[in-house]
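What follows is a short report on a single structure.
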Amino acid sequence: MKKILTLFAVVGLMAFSSCSDDGNDIDNDTIAYVFEANGVSFSSNSNSENYIDFDSRIYSGDVILVYRYAGADPDTGRDIWAPIPESHYYNDGTLYFTYKFDFTQDNVRIFIEGFDLDINPIPSNLRANQTFRIVIVPGDDGINTNKSANKPDYSDYNAVIKKYNIDDSNVKKLN
């Protein structure tokens, strides 16, 4: 009898130890989207904002991530996407201005808040004709709360695109 129990214990141990989470799960029922807004401009000497409307309403639990095009990597030529909020500082370390955003189910508002902008206007390369990528990430449905350990680094645009299997080669333009 002891040999049979030992055999069942060994077989059970092997069966349960072979099940592991390697972190490479593909979530086929979660759909994320990415949109692009081009030619977004802000005032040079005051706080200003732009509203970008979605084509359709997003779900109430969805999360919005916004990235600003910051140029191309000189070594690889790949696009650099800076996550918003993105702060810029004077040489003495005090805050100059910050790109920020908020959103509703219908739109995203991208805005600039700064200090002494009437004295030190924002240069045109940081305020005129900016390009933003807006990523809509499906929210937690309240059931799958243990998936939080497998969240991507939201500050890294490419990690988010990879995590949610987004094809960003043909991004839909919102404006």
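Annotations
- The range 53-83, subset touching a Leu at 6+ places or on another chain (Cβ under 8 Å) and assigned to a strand (DSSP E or B), residue least open to solvent (accessible area, probe 1.4 Å): 83
- Restricting the range 102-141 to residues that are open to solvent by 30 Å² or more (accessible area, probe 1.4 Å) and basic (Lys, Arg), the residue that is modelled with the lowest pLDDT is 127.
- The conditions of being modelled with pLDDT of 90 or more, of a type in the set (Phe, Trp, Tyr), part of a strand (DSSP E or B) and open to solvent by 70 Å² or more (accessible area, probe 1.4 Å) are not met by residue 99.
The values are calculated or read from the model by the stated rules, or taken from the named source; none is laboratory data. Note that the structure is a prediction, hence the values are computed from the model and not measured. Neighbour counts run over all protein chains shown; Cβ positions are idealised from the backbone, glycine included. Side chains are part of the model used for accessible areas, which takes the heavy atoms of the whole protein and leaves out ligands, DNA and RNA. Shrake-Rupley method; radii C 1.70, N 1.55, O 1.52, S 1.80 Å.
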